[in-house]
Amino acid sequence: MNAEDGRRAYAELSEYAALRVKELSPMLEPLTAVTDRYGELICQVTLILGKTPPASGCDAAIRDLMADVFDFLMEARPLVTKGKT
């Protein structure tokens, strides 16, 4: 082992990451499908609720929580599909 071995191994990390995504994608298809469906549902509910202001503080809090769930779905999925579970 020498410094050149380390540089070469480091340069290959992106190839390993791409291979991991390729191998995991079929196994994770149910996850991506369900997160797409939840995302579509949350977007639909947001459009419906966006036509009326919150009726109470509790209503506003629930809407904020819904937005947080959507953000979590959108941020977590790329991590999971890259094998960073």
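The values are calculated or read from the model by the stated rules, or taken from the named source; none is laboratory data. Because the structure is a prediction, the values reported are computed rather than measured. Heads up, the Cβs are rebuilt from the backbone with ideal geometry, glycines too, and the neighbour counts pull from every protein chain shown.
Within the stretch 34-41, one or more residues are in a helix (DSSP H, G or I) and among the hydrophobic types (A, V, I, L, M, F, W, C). Considering only the stretch 38-74, state which residues are within 15 Å of the chain's Cα centre (by Cα) and of a type in the set (Val, Ile, Thr). Correct list: Ile42, Val69. Which of the residues belonging to the stretch 28-75 are hydroxyl-bearing (Ser, Thr, Tyr) and touching a helix residue (DSSP H, G or I) at 6+ places or on another chain (Cβ under 8 Å)? Those that are hydroxyl-bearing (Ser, Thr, Tyr) and touching a helix residue (DSSP H, G or I) at 6+ places or on another chain (Cβ under 8 Å): Thr32, Thr35, Tyr38, Thr46. Taken as a whole, the structure leaves Ala33 outside the set of residues that are farther than 20 Å from Met74 by Cα and not β-branched (Val, Ile, Thr).
Looking at the stretch 42-85 only, could you name the residues that are assigned to a loop (DSSP other than H, G, I, E, B) and in contact (Cβ under 8 Å) with a residue 60 or more places away in the chain? Once the filter is applied, which keeps residues that are assigned to a loop (DSSP other than H, G, I, E, B) and in contact (Cβ under 8 Å) with a residue 60 or more places away in the chain, the stretch 42-85 yields Lys82, Gly83.
Just a yes or no: is a residue in the stretch 21-28 within 13 Å of the chain's Cα centre (by Cα), at pLDDT below 95 and in a helix (DSSP H, G or I)? Looking through the stretch 21-28, at least one residue is within 13 Å of the chain's Cα centre (by Cα), at pLDDT below 95 and in a helix (DSSP H, G or I). Considered as a group, the residues in the stretch 47-85 that are among the polar types (S, T, N, Q) and either at pLDDT 90 or above or surrounded by 11 or more Cβ atoms within 10 Å (Cβ to Cβ) (or both) include one that is farthest from Ala17 (Cα to Cα), and that residue is Ser56.
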